[in-house]
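One structure is given here, and the rest of the page talks about it.
Bear in mind these aren't lab numbers, they're just calculated from the coordinates by the rules spelled out. Note that the coordinates shown come from a computational prediction; the quantities given were computed from them, not determined experimentally. Here Cβ is always computed from backbone atoms with ideal geometry, including for glycine, and neighbour counts include all displayed protein chains.
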Amino acid sequence: MRPAAISTLVQRRAAAVAGMSRTMAHPTRSHNHNHGLRMILPLTSSLSTSSSSSTTKMFNHDKRTLQDTTSISATSTMSHRSFSTQPTKKDKKSKNDNKQGTEELSYFARKAAAKEERRAKYEAKISRKERLITRRAGRNRGMMRKQFDAFFKTKLAMEKDWCRKAEKQGLDWNINVAVLLERPNVHLPPEDDWEAEFFELEAHLDTVRGRDLPDYFKYGPKDEAMEGFDDISDADDEKKKQEDEEEDLLNPPDIHAEPTEADLAGDIRTIDRKLGDRIYLVVKEEGSVGEPDSDIWHFPTVKLGEEETLLEAARRALTEKKVEPSVVYWCPSKAPWSVRLTRFPKDERDKSGIYGTKTFFMKLQHFEGDLPKDDLGVIKDFAWMDRGEVASYMEETLGEYHGKFYHYML
C-alpha cells in the first residue's frame, strides 16, 4: 500500500478518535459516533494484513484504543438511555389519558376537537348576552324614568312645533312670570318601619359594644376627677342649668315631623302644616293671569314688563299680591326653574295676533312670616300646598298633562 494512502487513513483514524472524545463529553451524540466507528474498524483490520509489521503493530495498538473508547462510549450511552427512559410529564399525561379510556387523536382529529371547543365557547357567550337582555324583562326597573322621558319628550316636541308654527305665521308670545314661593321642610319626614328598626338596632349595638371610660372622663360630685372643683357654688350650678335649658329651647334637637294642629284640623291657610314636606304658596285672584278661570288655584303670576328681568318681575308679583311685607324670602338663583307654553284657540290667535303664553317659573325660598288671613288685597284666597296636593288639584282641574307637569316640576 502506498505511503500517501496510509497517511490519509491515519488522518481519518485520528479524526475518528477525536470524535470519540467529544462523544464521551456529550453522551447524547454517542449513538451516531459508534455507528461511524463500526464502519472504520473493519477498514483498519484489512489494512493491518497488507502493511508492514510496524504498521501492523501501530494499527493493532490503535484498534485496541478504539475498542476501549467504544466500550466506554457504549457504557455512557447505556447509562444515558437508562436515565432518559424515566417517564416525562407528557408520558404521564398520555398514560393517564389511556387509563381514562381515551386514545391519542390524529392531527385532523385534534383540530376538529379544538374547533368544536371554540364553537361551544362562542355559543355560551352569545346565550349569556341574550340572558342579560331578558333577565330584567319582568321587573319594574327604570319605570319612573321611562315615564318621565315619555312625558318630557312629548312636551318638548309639542312646544318646538308651536314655536315653529308661531314663527312661520309671524305671531308673538305673551311672557309671564310665576313665583314658586317654597317653604322647606322644617323637620325630617316621618320614619319608615325599617328605618326605626335600624336605629333601634344601632342603639342596642352601641350599648353592647360600649367601653368603660377612665375615671378622668367621668363627672360627678364623688368622682376623684372632680377634686379641686369643690369651690363651685350652688348658684353657679343653677345658672349653668338655666343656660342649658334656654339653649335647648332655642336649638331644639332634630326630630321627625309629627302631625300639627293645622294638619289635624285640615287648615291649609297656615304655614305651620306638613312640617316634614315642602309646601308652596298658591292663590286665587281676580283676573288671573295666564289661567282660563280665576277660581282655580295657581301660583302668583304677573306679565313681564319692558326692560325687566325675570327676578324683578317675580319680586313685583309678591309685592302686588301683598306677600312681601308679611313674608321674608330669598332667591337662590336668577335662572328660571321651569317654563310652560300654552296655545290660544285659533279664533283668539287670529284676533289678538298672539300665539300663546310662555310662563317662566321662578323659585323663591321662604325664610319667615305668614300671610294675614283678613287683609288679602287683590287675592281672593290663598293656601299652602305640597307637591302631591298641587299636582292632583291641577290634574282634576286642568287635565292630566298639567298634573304631570306640576308633579315633575315640583
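Could you pull out which residues in the range 360-383 have an amide N less than 17 Å from a spot 7 Å beyond the Cα of C331, following the Cα-Cβ vector? Answer for this model: 360-367.
Taking 0.36 nm per residue of separation and subtracting the Cα-Cα distance, full extension of the segment from R278 to E116 would add 51.9 nm.
Any chance you could tell me what percent of the C-alpha pair distances in the range 143-203 go past 19 Å?
In whole percent, the share of Cα-Cα pairs in the range 143-203 beyond 19 Å is 69.
Here the range 357-410 is described by how far its Cα atoms reach on the three principal axes: 34, 25, 22 Å, from widest to narrowest. Between S352 and E307, what is the FRET efficiency for a Förster distance of 25 Å, r being their Cβ-Cβ separation, to the nearest 0.05? Efficiency computed from Cβ-Cβ geometry: 0.60.
The packing ranking of peptides 174-183, 121-130, 276-285, highest mean first, is 174-183, 276-285, 121-130, where packing means the average number of other beta carbon atoms within 10 angstrom of each residue. Would you mind classifying the range 253-410 by shape? Square roots of the alpha carbon gyration tensor eigenvalues, ordered a ≥ b ≥ c; an a/c under 1.5 is rounded, otherwise it is prolate if a/b is larger than b/c and oblate if not. Cα axes put the range 253-410 in the prolate bin. Of all alpha-carbon pairs in the range 311-375, indicate the percentage at a distance above 14 angstrom. Roughly 67 percent, once rounded to a whole number.
I need the calculated FRET efficiency for the pair A265 and K153, taking r as the beta carbon distance and R₀ as 30 Å, to the nearest 0.05.
That gives a FRET efficiency of 0.10.
With the simple model of a label 7 Å out from the Cα in the direction of the Cβ, E320 to E191 spans 4.8 nm.
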